[in-house]
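The values are calculated or read from the model by the stated rules, or taken from the named source; none is laboratory data. Just so we're clear, the structure is a prediction, and the values are computed from it rather than from any experiment. Cβ placement follows ideal geometry from the backbone for every residue including glycine, while neighbour counts extend to all protein chains displayed. Accessible surface is based on the protein model in full, side chains and every heavy atom, while ligands, DNA and RNA are left aside. Shrake-Rupley method; radii C 1.70, N 1.55, O 1.52, S 1.80 Å.
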Amino acid sequence: DTIIHLGHGITTDPIELDIQTNPIDLRISTGVSVPVAGSKDPLDFKASLSVMEETVALEGEMSGLWKNPFGVSQSVTIGPLLALQLEINLLLFPTTGLPSAFGFAGGIAVGQTEGRASVQISDDPTRA
């Protein structure tokens, strides 16, 4: 298994490589465990990078609860899921300089008040 120690207790899960040939699809994915000061449990992240024909996609998510993120406040908690997606069309990006899709989702709690939101923006109106 390919596990990388990135320093300060940060480690990856085994790195996976998936290659499809028809159509061409290359995907690299891993998890990352990040220790957090004041918590016995590390934050767990999953990340992947895909190249499919003319599109590059980057996806990431954090599972679990992150209490007192960045030392903001003991009453703030992020989670239980955060997700981020970014897609770039390699044919259009040199002209526009913009991603072809962007999305994020997540939850936050401040004290007893909780909220969740998700947003996805795409240059393709047929995608939800």
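Taking other residues whose beta carbon is less than 11 angstrom from the beta carbon of residue 50, and scoring Lys, Arg as +1 and Asp, Glu as -1, yields -4. In the chain, the portion of solvent-accessible area held by carbon and sulfur atoms comes to 61 percent [1.4 Å probe, whole percent, DNA, RNA and ligands not counted]. Take region 1-117 with all the other protein chains still there, run a 1.4 Å probe, and you get 68 Å² of accessible area per residue. Applying the Karplus relation 6.51 cos²θ - 1.76 cosθ + 1.60 with θ = phi - 60° to region 69-83 yields 3J(HN,Hα) values of x, 6, x, 5, 6, 5, 8, 9, 9, 10, x, x, 9, 10, 9 Hz, where x marks Gly and Pro. Relative protection proxy for 104-115, 13-24, from highest mean packing down: 104-115, 13-24 (other beta-carbon atoms within 10 angstrom). Summing +1 for each Lys or Arg and -1 for each Asp or Glu among the other residues whose beta-carbon sits under 14 angstrom from that of residue 28 gives -3. When only the Cβ of Lys, Arg, Asp and Glu is charged (+1, +1, -1, -1), the dipole of the chain relative to its Cα centre reaches about 560 debye. Of the residues 113, 22, 62, the one whose Cα sits farthest toward the positive end of the charge dipole of the chain, with +1 on the Cβ of Lys and Arg and -1 on the Cβ of Asp and Glu, is 113. Assuming a ≥ b ≥ c are the square roots of the Cα gyration tensor eigenvalues, decide whether region 65-128 counts as rounded (a/c under 1.5), prolate (otherwise, with a/b larger than b/c) or oblate. It comes out prolate by the Cα gyration axes. Assign one of three labels to the chain, namely rounded, prolate or oblate, based on the Cα gyration tensor with a ≥ b ≥ c the square roots of its eigenvalues; rounded applies when a/c is under 1.5, prolate when it is not and a/b is larger than b/c, and oblate otherwise. Taking the square roots of the gyration eigenvalues as a ≥ b ≥ c, the chain is oblate.
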